[in-house]
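The block underneath contains the structure these notes are about, expressed in structure tokens.
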Amino acid sequence: MHFGFNEMMWFAVLIVNFIIVLAVYRFMGKTGLFVWMAIASILANIQVLKLVDFFGWNITLGNVLYGTSFLATDIISENYSKELAHKSVWVGFFAMISMIILMTLSCLFIPAADDFVSDHMKAIFTVIPRVSFASLVAYLISQNHDVWAYHFWMEKFPDTKFIFIRNNLSTMVSQLIDSAIFTTIAFAGMYPFGVLVQIIISTYVLKWLVALFDTGCVYIAASWFKKGKVQEM
């Protein structure tokens, strides 16, 4: 297993994403997390188009950024309420579907003779209906499950010291649901069953790592909130 440039970049991107999430929460409160849900939902669906080598696997980007949307809902669940967490999920969904509709319409325009961007835009934003549908369905089901599961485990282990239990048990299961639903809807019939399983496992492992590493961020956000250090907008 070779630890090369892509592997170092992946961990660097992980840290940068965590810093940004904590920063928007520290200085914008729950509003900042709502904004982040929209950002993560849109950009993760663009990043996923890029394929890179990671420890010998061919993986798509976007797993880290998409994983931080679960971090955002967990912080909202921990510090506010289940209702607000569910609302943040719908903010991300609205952002995703708005991007799909608006960018698809943009790609329908006939480009000028001097245009040099249109083909690149079409390559990125032309909608593959099945993949887009898979992304939307997986997002809604997995994110809403994450919110439900977080509060389920919060009732079982309400003390702050048990954040790691509710954060990991909710997110790690939700990430598995997300990977399984997306891969099945998007690629069933296109690849043999064994390949589908490999895709699910490889994508889930990366999302699992994000869920494992983001636990400290939830503790930090909870501490800030209790100490009144969060600036709400």
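The values are calculated or read from the model by the stated rules, or taken from the named source; none is laboratory data. Given the structure is predicted, the values throughout are model-derived calculations rather than measurements. Positions of Cβ are generated from backbone atoms using ideal geometry, with glycine treated the same way; all protein chains shown enter the neighbour counts.
Within the stretch 210-233, the residues that satisfy the criterion of being assigned to a helix (DSSP H, G or I), within 22 Å of residue 48 (Cα to Cα) and touching a residue at least 60 places away in the same chain (Cβ under 8 Å) are 210, 211, 213. Scanning the stretch 16-32 for residues that are crowded, with 18+ Cβ neighbours inside 10 Å and touching a residue at least 40 places away in the same chain (Cβ under 8 Å) yields a total of 8. Screening 48, 13, 35 for residues that are surrounded by fewer than 18 Cβ atoms within 10 Å (Cβ to Cβ), touching a residue at least 12 places away in the same chain (Cβ under 8 Å), under 18 Å from the mean Cα position of the chain (by Cα) and over 19 Å from residue 171 (Cα atoms) leaves exactly one candidate, 13.
Within the stretch 71-89, the set of residues being surrounded by 24 or more Cβ atoms within 10 Å (Cβ to Cβ) and either at pLDDT below 95 or of a type in the set (Asp, Glu) (or both) comprises 74 only. Among the residues of the stretch 46-68, are any among the aromatic types (Phe, Trp, Tyr) and under 18 Å from residue 134 (Cβ atoms)? Yes, some residue in the stretch 46-68 is among the aromatic types (Phe, Trp, Tyr) and under 18 Å from residue 134 (Cβ atoms).
So for the stretch 93-102 (the condition being under 28 Å from residue 153 (Cα atoms), surrounded by fewer than 19 Cβ atoms within 10 Å (Cβ to Cβ) and in contact (Cβ under 8 Å) with a residue 40 or more places away in the chain), does at least one residue qualify? Yes.
One residue alone among 69, 77 is touching a Phe, Trp or Tyr at 6+ places or on another chain (Cβ under 9 Å), in a helix (DSSP H, G or I), of a type in the set (Ser, Thr, Tyr) and under 24 Å from residue 200 (Cα atoms), and that residue is 69.
Applying the criterion of at least 1 residues that are surrounded by fewer than 16 Cβ atoms within 10 Å (Cβ to Cβ) and modelled with pLDDT of 95 or more to the helices (runs of 4 or more DSSP H) found wholly in the stretch 110-192 leaves 129-156, 163-187.
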